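The values are calculated or read from the model by the stated rules, or taken from the named source; none is laboratory data. The shown structure was predicted, so the numbers you read here are calculated from the model rather than taken from an experiment. Note that each Cβ is placed from the backbone with ideal geometry, even for glycine, and that neighbours are counted across all protein chains shown.
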Amino acid sequence: MEPVSNGQRSQRRSGVHAVSTFTVMVASPDAVLVAEVTSYLAPFGYSVIGVGDSMTALERVRTERPDLVIADVDLPPLTGFELCQSLKQEPSLLVIPVLLVADVATDDLRVRSLAVGADDLLGRPVHGLILRARVRSSLKAKAYLQQVLRDRGRLEELVKERIKDIERVTLGLVAALERTNRFNDTDTGLHIRRVSAYSELLARGLELEPALTSRIARYASLHDVGKVGLPDSILKKQGKLTPEEFEAMKVHTVIGNEILLDAGADPIACTIAFAHHERFDGSGYPRGLAGNGIPIEARVVALADVYDALTTRRCYKAAMGQEDALKVVLAESGKHFDPGIVRVMQRCEPQFLQVLEANAG
């Protein structure tokens, strides 16, 4: 006998048996099954809908959204298994529990039921207590799943807001750095503009995801942000750095990464600042990464940075012609640079020249 509370007994004595407001659809060509399910569930407040074929059931589930579906495995024209599979393939319907009913609930049929996403398989004749227990547990699981989906939706919104916050912070850093460089050194200010443009050309040529391409183009200008922590005696030295000075120069990658991490900047920006001096053969710094172990955004900016350094005048050197600069890049393919990115640069050579001419110092 179904266990009930004192309140439920009072309802029954007064002639009211409803303790639920859920709607259950029974899809079966067998009117006896529909009548059995109705007799077991209706006294407990369940509203039972009977349909005789799978196509009608599918259409009515889409429009009426019952709380639970009980389907005969011998449904025409689609079997109960096929109906269940169709329901579970639609994102808006997959939370609706499905119980299948077979003449004999064999292990093979139970496994098949679970494979198509059914919550359980019941044998005939249907036992009233077992049916109600399965219905209750399935509806409880549905409620939990819906709560999880709602929570996930809220988390996704929070993540989106966090991403927007990170983008705002990083863009602010980009703008601040570019203003600082314009005040401090015209060559460097134009350098970060050109490196951003070259990086975008390379990322597009590599056919990276549009969102990643956009972030690389946006944050490439932060590759040398760590140089704000270095003295002018190193940054603007006329001539070659001593070994000690070069070791000090290397630290700008670590400083840049720390600045951006502390500011909560986009991880792509942090990686570019930290790893754009890694070399494809593993001889770079600060970590000696090699090959595809170097993040793609860092490999892209590495080539863009060196190419621009070669083709523009600096306080310690004259500019190299584009043809000679390309020879240097080709010679370093597989050593300093990713060969695939070098090939993209060869294809983009005319666009590189346009960027250089448009942003000449």
Original post:
Does V104 satisfy the condition of being over 14 Å from V24 (Cα atoms), surrounded by 20 or more Cβ atoms within 10 Å (Cβ to Cβ) and more than 35 Å from the chain's Cα centre (by Cα)?
Top reply: no
Original post:
Is it the case that the range 284-303 has a residue that's in contact with a helix residue (DSSP H, G or I) (Cβ under 7 Å, 6 or more places away or on another chain), of a type in the set (G, A, S), farther than 22 Å from G205 by Cβ and crowded, with 16+ Cβ neighbours inside 10 Å?
Top reply: no
Original post:
Of L94, L87, L41, which residue is buried (at least 17 other Cβ atoms within 10 Å of the Cβ), in the same structural domain as V135 (by TED's automatic domain parsing) and closer than 21 Å to A115 by Cα?
Top reply: L87
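Does the range 148-168 include one or more residues that are touching a Lys or Arg at 6+ places or on another chain (Cβ under 9 Å) and farther than 23 Å from P66 by Cβ?
Checking the range 148-168: at least one residue is touching a Lys or Arg at 6+ places or on another chain (Cβ under 9 Å) and farther than 23 Å from P66 by Cβ.
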Original post:
Which residue, of S221, S199, is more than 18 Å from Q322 (Cα to Cα) and assigned to a helix (DSSP H, G or I)?
Top reply: S221
**OP:** Return the pairs, sorted by first residue and then second, in which the second residue is acidic (D, E), the first residue lies in the range 126-149 and is surrounded by fewer than 14 Cβ atoms within 10 Å (Cβ to Cβ), the beta carbons are less than 8 Å apart, and the residues are 6+ apart or on different chains.
**Re:** L129/E2; A141/D119
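Tell me, which helices (runs of 4 or more DSSP H) lie completely within the range 247-345 with 3 or more residues that are touching a residue at least 24 places away in the same chain (Cβ under 8 Å) and assigned by TED's automatic domain parsing to the domain that holds L208?
267-275, 296-311
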Original post:
Taking V69, is it out of contact with any Gly (no Cβ under 7 Å at 6 or more places or on another chain) and over 20 Å from P125 (Cα atoms)?
Top reply: no
**OP:** Return only the number of the condition from (1) acidic (D, E); (2) part of a helix (DSSP H, G or I); (3) modelled with pLDDT of 85 or more that E207 does not satisfy.
**Re:** (2)
Subject >> Filter result (farther than 21 Å from F22 by Cα, touching a Leu at 6+ places or on another chain (Cβ under 8 Å) and not in a loop (DSSP other than H, G, I, E, B)) within the range 85-111 >> reply: S86, A102, L109, R110
